[in-house]
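Here is the structure we will look at.
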Amino acid sequence: MKKIVMLFALSAVFACASEKEETIDYTQMSDEERLKAATEIAQSTIMVDGHVDLPYRMKVGGFTLQREILDVSVRTPDGNFDYPRSKEGGLDAPFMSIYIPAGNQKTPGASKALADSLILMTERLAATFPDKFAMAYSTADIEANFSKGLISLPMGMENGAGIEDDLANVEYFHKRGIRYITLTHGTDNLIGDASYDTTGTHGGLSEFGKQVVAEMNRVGIMVDLSHVSDNTFRDALAITKVPVIASHSSVRKFTPGFERNMSDELIQAMAKNGGVMMINFGGTFIDSAYAAGATKVREHIVNWLAENNLSRRDSAAQAYIQEYSEKNNPFPTVQRVADHIDHVKNLVGIDYVGLGSDFDGVGDSLPTGLKDVSMYPNLIAELLKRGYSKEDIEKICYKNVFRVWRAVEEYSEMEK
Ligand SMILES: [Zn+2]
């Protein structure tokens, strides 16, 4: 009898504890309290970002990839990503983008060669700073690294051109650690049509592309449908046996006519597939007024530089460009990114949205309050203000993409 009473008492305590957890009303907090709560959540939760362009930032910076790397173990004056700022923002697993520009597609072998060198560079980064970074090839790796306080560096290949024309390269890249492949990039490739291209080479996914998707399912590489045309998107969804991702795409409703973002029809189709859409933070991805303004500003600056015989690198020009841009085309704010997350949540539910910043890949277009990897808490605070729960935030930060990744891992295990 006594034992039963004890059990009752204990379960009452647990019920209270979990109730308390669930009834935290973040909307009633002051902005300051809410940002503190958001920062605590960011620190205590695994945070995955679907797309960070650090490898390409290093390549553009002139680093020879296999031998030298940019020291991002310390705070860097440029760029959006480094170790100290990741720690501040609570970022734990940024997918390193192994980005192959479409220009490489013209030279057979050039796409695979670049992918290989960017992978080596990422491995070099982890090997050089083993107390800060670690490679990660599974959700379990990320969890283990997180418990040690290490930042995981999972890899996704942006542009299936790296596969060249050889299906065997899909398995090769899985062995090299690639865990998602973005089927296309800027132009149509051997796999399928791209959103930025109007040629319509294949009318969607090519025959080779269909084999690539099936092979990715078999070996356990996530299918990434950012950058593909709508037809390629639909074709890939019809073929894949497992959920897919969009590693860095936003909502087209806010950027009408911009096929690079996802239409409501595609968001619904992806949710039906059980996939996850990771929201891109770039200004031109989240706000069509900003995108139009950016085009106008760019035209004005080109003319102004020519008239004044100045180059973009001159300090006088830089000051003018900054002032002119800020005055004539103010950046969107962190609230705008939250609008995109809200839209997906309202359309299909909280289980299909994640973060895919495109940090280090979208230049000086990032929203105010979300300029680099230290600022995720500002976005979390905005979501809490809108009534999101801690569980909702955890889904956005990692649970949704982990669900997809695990399904891909499990399917592949069955197939092998
Ligand atoms: Zn991209």
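List every residue pair whose Cβ atoms lie under 9 Å apart, where the two residues are 6 or more positions apart in sequence or sit on different chains, the first residue falls within the stretch 302-318 and is outside any loop (DSSP other than H, G, I, E, B), and the second residue, located anywhere, is surrounded by fewer than 10 Cβ atoms within 10 Å (Cβ to Cβ) and not acidic (Asp, Glu).
As it stands, the answer is Leu305/Ser311; Ala317/Ser311, since those pairs meet every condition given.
Looking at the stretch 98-121, which of the residues that are at pLDDT 95 or above and of a type in the set (Ser, Thr, Tyr) is farthest from the ligand (Cβ to nearest atom)?
Top of the filtered list is Thr107.
Does any residue in the stretch 377-405 that is among the polar types (S, T, N, Q) come within less than 6 Å, Cβ to Cβ, of a residue that is in a helix (DSSP H, G or I) six or more places away or on a different chain, and which pairs are these?
Every condition considered, the pairs that remain are Asn378/Val334; Asn400/Asp351.
Please report, ordered by residue number, the helices (runs of 4 or more DSSP H) entirely within the stretch 1-86 with at least 1 residues that are at pLDDT 90 or above.
In the stretch 1-86, 31-44, 54-60 are the helices (runs of 4 or more DSSP H) which contain 1 or more residues that are at pLDDT 90 or above.
Could you tell me which of the residues Val276, Val244 is closer than 30 Å to Ala292 by Cα and of a type in the set (A, V, I, L, M, F, W, C)? Lay out the reasoning, then the answer.
Working: Val244 fails: closer than 30 Å to Ala292 by Cα.
Residue meeting the stated conditions: Val276.
Determine which member of the set Arg234, Arg252, Arg298 is at pLDDT 95 or above, among the basic types (Lys, Arg) and more than 16 Å from the ligand (Cβ to nearest atom).
Step by step, each of Arg234, Arg252, Arg298 is checked, and only Arg234 is at pLDDT 95 or above, among the basic types (Lys, Arg) and more than 16 Å from the ligand (Cβ to nearest atom).
Out of Gly361, Gly387, Gly369, I need the residue that is within 16 Å of the ligand (Cβ to nearest atom), surrounded by fewer than 23 Cβ atoms within 10 Å (Cβ to Cβ) and not polar (S, T, N, Q). Which one?
Selected residue: Gly361, the only one of Gly361, Gly387, Gly369 that is within 16 Å of the ligand (Cβ to nearest atom), surrounded by fewer than 23 Cβ atoms within 10 Å (Cβ to Cβ) and not polar (S, T, N, Q).
Consider Ser365 carefully, then state whether it is under 17 Å from the mean Cα position of the chain (by Cα), within 14 Å of Gly79 (Cα to Cα) and in a helix (DSSP H, G or I). Steps first, please.
Working: under 17 Å from the mean Cα position of the chain (by Cα): yes; within 14 Å of Gly79 (Cα to Cα): yes; in a helix (DSSP H, G or I): no.
For Ser365, the condition - under 17 Å from the mean Cα position of the chain (by Cα), within 14 Å of Gly79 (Cα to Cα) and in a helix (DSSP H, G or I) - is not met.
The values are calculated or read from the model by the stated rules, or taken from the named source; none is laboratory data. Note that the structure is a prediction, hence the values are computed from the model and not measured. Ideal geometry is used to build each Cβ from the backbone, glycine not excepted, and the neighbour counts take in all protein chains shown.
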